[in-house]
Amino acid sequence: QVQLVESGGGLVQPGGSLRLSCTASRVTLSINSMGWYRQAPGNQRELVASIVSGGMTNYADSAKGRFTISRDAAKNTVYLQMNGLKAEDSAVYYCNVVLRSDLGGSISYWGRGTQVTVSS
(Lines give C-alpha, C1' and ligand atoms only; values in the text may rest on other atoms or scores of the structure.)
Protein backbone atom coordinates (compact mmCIF):
# COMPACT_ATOMS: atom_id res chain seq x y z
CA GLN A 1 0.00 0.00 0.00
CA VAL A 2 1.15 3.55 -0.70
CA GLN A 3 2.86 5.25 2.22
CA LEU A 4 3.22 9.02 2.65
CA VAL A 5 5.83 10.36 5.04
CA GLU A 6 5.63 14.03 6.00
CA SER A 7 8.20 16.24 7.71
CA GLY A 8 9.01 19.88 8.35
CA GLY A 9 6.30 20.95 10.75
CA GLY A 10 7.00 22.73 13.99
CA LEU A 11 6.67 25.92 15.98
CA VAL A 12 7.45 29.22 14.31
CA GLN A 13 6.88 32.89 15.15
CA PRO A 14 4.53 35.05 13.09
CA GLY A 15 6.25 36.14 9.89
CA GLY A 16 8.52 33.12 9.91
CA SER A 17 8.90 30.33 7.39
CA LEU A 18 8.64 26.57 7.23
CA ARG A 19 9.22 24.04 4.48
CA LEU A 20 7.11 20.90 4.51
CA SER A 21 8.03 17.80 2.56
CA CYS A 22 6.21 14.60 1.74
CA THR A 23 7.59 11.51 0.08
CA ALA A 24 5.38 8.79 -1.36
CA SER A 25 6.69 5.24 -1.38
CA ARG A 26 5.41 1.98 -2.85
CA VAL A 27 3.79 3.87 -5.72
CA THR A 28 3.02 1.54 -8.63
CA LEU A 29 0.41 3.65 -10.42
CA SER A 30 0.76 6.99 -12.18
CA ILE A 31 0.37 10.07 -9.99
CA ASN A 32 -2.34 12.50 -11.01
CA SER A 33 -1.60 15.09 -8.36
CA MET A 34 0.01 15.78 -5.02
CA GLY A 35 -1.07 18.38 -2.55
CA TRP A 36 -1.31 19.76 0.94
CA TYR A 37 -4.42 20.14 3.05
CA ARG A 38 -4.78 21.48 6.55
CA GLN A 39 -7.22 21.12 9.40
CA ALA A 40 -7.41 23.29 12.49
CA PRO A 41 -9.36 22.22 15.60
CA GLY A 42 -13.08 22.56 14.99
CA ASN A 43 -12.61 23.25 11.27
CA GLN A 44 -13.06 21.25 8.11
CA ARG A 45 -10.05 19.97 6.23
CA GLU A 46 -9.25 22.43 3.45
CA LEU A 47 -7.02 22.50 0.41
CA VAL A 48 -3.90 24.63 0.78
CA ALA A 49 -2.11 23.88 -2.49
CA SER A 50 -1.90 21.16 -5.10
CA ILE A 51 0.20 20.35 -8.13
CA VAL A 52 -0.79 18.08 -11.01
CA SER A 53 1.53 15.77 -12.90
CA GLY A 54 1.94 18.34 -15.67
CA GLY A 55 3.17 20.96 -13.21
CA MET A 56 0.14 23.23 -12.95
CA THR A 57 -0.54 24.48 -9.44
CA ASN A 58 -3.57 25.51 -7.45
CA TYR A 59 -3.63 27.54 -4.23
CA ALA A 60 -6.16 28.53 -1.65
CA ASP A 61 -6.76 32.28 -1.66
CA SER A 62 -5.21 32.53 1.78
CA ALA A 63 -2.01 30.88 0.53
CA LYS A 64 -1.47 32.84 -2.67
CA GLY A 65 1.62 35.01 -2.57
CA ARG A 66 2.96 33.37 0.58
CA PHE A 67 3.12 29.63 -0.10
CA THR A 68 4.77 27.76 -2.96
CA ILE A 69 4.19 24.13 -3.85
CA SER A 70 6.73 22.17 -5.86
CA ARG A 71 7.63 18.58 -6.55
CA ASP A 72 10.51 16.30 -7.41
CA ALA A 73 8.92 13.71 -9.67
CA ALA A 74 11.94 11.41 -9.62
CA LYS A 75 11.70 11.16 -5.83
CA ASN A 76 7.88 11.18 -5.61
CA THR A 77 8.25 14.11 -3.24
CA VAL A 78 6.16 17.25 -2.85
CA TYR A 79 7.19 20.37 -0.95
CA LEU A 80 5.34 23.31 0.52
CA GLN A 81 7.39 26.42 1.20
CA MET A 82 5.48 28.63 3.61
CA ASN A 83 6.59 32.22 4.11
CA GLY A 84 5.06 35.06 6.07
CA LEU A 85 3.26 32.65 8.37
CA LYS A 86 0.31 33.90 10.38
CA ALA A 87 -1.41 32.58 13.48
CA GLU A 88 -4.36 31.49 11.37
CA ASP A 89 -2.06 29.15 9.44
CA SER A 90 -1.76 26.97 12.54
CA ALA A 91 -3.15 23.53 11.77
CA VAL A 92 -2.27 19.94 11.09
CA TYR A 93 -1.04 19.77 7.51
CA TYR A 94 -1.76 16.60 5.55
CA CYS A 95 -0.06 15.37 2.41
CA ASN A 96 -2.31 13.95 -0.28
CA VAL A 97 -1.56 11.99 -3.44
CA VAL A 98 -4.07 11.00 -6.11
CA LEU A 99 -3.18 8.03 -8.29
CA ARG A 100 -4.60 6.87 -11.59
CA SER A 101 -6.58 3.65 -11.30
CA ASP A 102 -6.19 0.80 -13.76
CA LEU A 103 -9.99 0.80 -13.93
CA GLY A 104 -10.11 4.40 -15.14
CA GLY A 105 -10.82 6.14 -11.85
CA SER A 106 -8.54 7.52 -9.17
CA ILE A 107 -7.29 6.53 -5.73
CA SER A 108 -6.48 9.01 -2.98
CA TYR A 109 -3.99 8.51 -0.15
CA TRP A 110 -3.29 10.63 2.91
CA GLY A 111 -0.35 11.13 5.20
CA ARG A 112 -0.69 11.14 8.97
CA GLY A 113 -0.20 14.89 9.20
CA THR A 114 2.40 17.25 10.60
CA GLN A 115 1.64 20.01 13.10
CA VAL A 116 2.34 23.62 12.20
CA THR A 117 1.99 26.13 15.02
CA VAL A 118 2.48 29.86 14.48
CA SER A 119 2.73 31.70 17.76
CA SER A 120 4.75 34.39 19.48
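If you roll a 1.4 angstrom probe over the protein chains with everything in place, what fraction of the accessible area of the chain belongs to carbon and sulfur, to the nearest %? Please report the intermediate quantities before stating the final value.
Working: 2980 of 6580 Å².
On the chain, the fraction of accessible area on carbon and sulfur atoms equals 45 percent.
What does the charge count near D89 come to, summing +1 for each Lys or Arg and -1 for each Asp or Glu among other residues with Cβ under 11 Å from its Cβ?
+2
Which of the trypsin sites (Lys or Arg not before Pro) found in the stretch 27-120 are loop residues per DSSP with 16 or fewer other Cβ atoms within 10 Å of their Cβ?
Sites meeting the loop and neighbour criteria: R45, K64, R66, K86, R112.
Using alpha-carbon pairs under 8 Å, 6+ residues apart, how would you state the relative contact order of the chain in percent?
Reported as a whole number, the value is 36 percent.
In square angstrom, rounded to the nearest 10, how much accessible surface does I31 have for a 1.4 Å probe?
40 Å²
So, for the chain, what is the accessible surface per residue at a probe of 1.4 Å, expressed in square angstrom?
I get 55 Å² per residue for this part.
What number comes out for the charge environment of T114, summing +1 per Lys or Arg and -1 per Asp or Glu over other residues with Cβ under 12 Å away?
+2
Could you give the dipole magnitude of the chain about its Cα centre, charging the beta-carbon of Lys and Arg +1 and that of Asp and Glu -1, in debye to the nearest 20?
Details: 11 positive and 7 negative charges, 28 e Å.
About 140 debye.
What distance in nm lies between label points placed 7 Å from Cα along the C-beta direction at A87 and L103?
Reported label-point gap for A87 and L103 is 4.8 nm.
Is the stretch 16-56 rounded, prolate or oblate when judged by the Cα gyration tensor, a ≥ b ≥ c being the square roots of its eigenvalues, rounded requiring a/c under 1.5 and prolate requiring a/b larger than b/c? Numbers along the way, then the final one.
Values: a/c = 1.89, a/b = 1.72, b/c = 1.10.
The shape class here is prolate.
Given a Förster distance of 41 angstrom, what is the FRET efficiency for S119 paired with D72, based on the Cβ-Cβ distance and rounded to 0.05?
Values: r = 31 Å, r/R0 = 0.75.
Plugging the Cβ-Cβ distance into 1/(1 + (r/R0)^6) gives 0.85.
The values are calculated or read from the model by the stated rules, or taken from the named source; none is laboratory data. Keep in mind it's a predicted model, so treat the numbers as computed, not measured. Cβ atoms come from the backbone with ideal geometry, glycine included; neighbour counts cover every protein chain shown. To get the accessible areas, we keep the full protein, side chains included, count just its heavy atoms, and leave off ligands, DNA and RNA. Shrake-Rupley method; radii C 1.70, N 1.55, O 1.52, S 1.80 Å.
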